[in-house]
Amino acid sequence: MWLTANSFPSTAQGTIGLRVLFTATLLNPKAILFAGTIFPVAAFESLAGYVEAMAIFTSLLVPIGLAWIAFGAELGRGRLMRVSPARMQRCASIILAAFSLSLAWAVLH
């Protein structure tokens, strides 16, 4: 990702349809990571624990999702001049590398 940050595909590509987006969402492995690492074991042992974990997760998920939507809207309007696609891709590559290293460290130790 770091090396290809300045070579973006042209905008002549077609838009992503609902079916492709739905399929990509279903194939996303984040659910396994959430269930195995973020949610406590108590969430899977009792209904009360499950409801509590999901309530906390939802109360965090909604504002974070809205913040990402607001960020994307401002980026799309061109109001964030300091944020370029190349910088975003390089930041994303650093975050993904750190996340991958932390997962590898957890697996190996």
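Throughout, read-outs are computed from the coordinates displayed, never taken from laboratory work. Everything numeric here is computed off the predicted structure, so don't read it as measured data. Cβ sites come from the backbone with ideal geometry, for glycine too, and all protein chains shown count toward neighbours.
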- Message: If each DSSP helix of 4+ residues adds -39,500 (n - 2.57) and the sum is divided by the residues in the chain, what number results at 222 nm, nearest 500 deg cm²/dmol?
- Response: -21000 deg cm²/dmol
- Task: Note down the nm distance, to one decimal, between modelled labels 7 Å out along Cα→Cβ at Ala35 and at Thr15.
- Result: 3.4
- Read through the labelled values (1) 218; (2) 158; (3) 90 and report the label of the one computed as volume of the Cα convex hull per residue in Å³ from the structure. (2)
- Message: Only four residue types carry charge here, +1 at the Cβ of Lys and Arg and -1 at the Cβ of Asp and Glu. Report the dipole size of the chain about the Cα centre in Debye, rounded to the nearest 20.
- Response: 540
